1. So which residues in region 1-31 are surrounded by 10 or more Cβ atoms within 10 Å (Cβ to Cβ) and either among the charged types (D, E, K, R) or in contact (Cβ under 8 Å) with a residue 40 or more places away in the chain (or both), if there are any at all?
2. Criterion first (over 18 Å from the mean Cα position of the chain (by Cα), modelled with pLDDT of 85 or more and surrounded by 10 or more Cβ atoms within 10 Å (Cβ to Cβ)) does Gly72 satisfy it?
Amino acid sequence: MDNNSIMLFLGFIGSMIPIFTVIVKLNSTITKLNITIQILNKQMENSMKDRTEIHTQLNNHETRIAILEAKGSEKEWKKNLQN
């Protein structure tokens, strides 16, 4: 091998180092992004479960209120009949 071949080979390796550095950083960033997306998906699932529970409780509460109001109206109606 002559000096030109060695210089060409070293120049090629020297130019590839920044490219590999960028690829490694990009891979690291993509991995962090994937982890963040997984965490957000879990949080969204938990949030949906919480929301469903809250809506169920609210519907039950509204049903109980409607029953109590109906009973109250029935008592008022019976009271008015007695008078």
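1. Scanning region 1-31 gives a single hit, Lys25.
2. Details: over 18 Å from the mean Cα position of the chain (by Cα): yes; modelled with pLDDT of 85 or more: no; surrounded by 10 or more Cβ atoms within 10 Å (Cβ to Cβ): yes.
So Gly72 does not fit the description; no.
The values are calculated or read from the model by the stated rules, or taken from the named source; none is laboratory data. Just so we're clear, the structure is a prediction, and the values are computed from it rather than from any experiment. Counting neighbours? That spans all protein chains shown, and the Cβs are built from the backbone with ideal geometry, glycine included.
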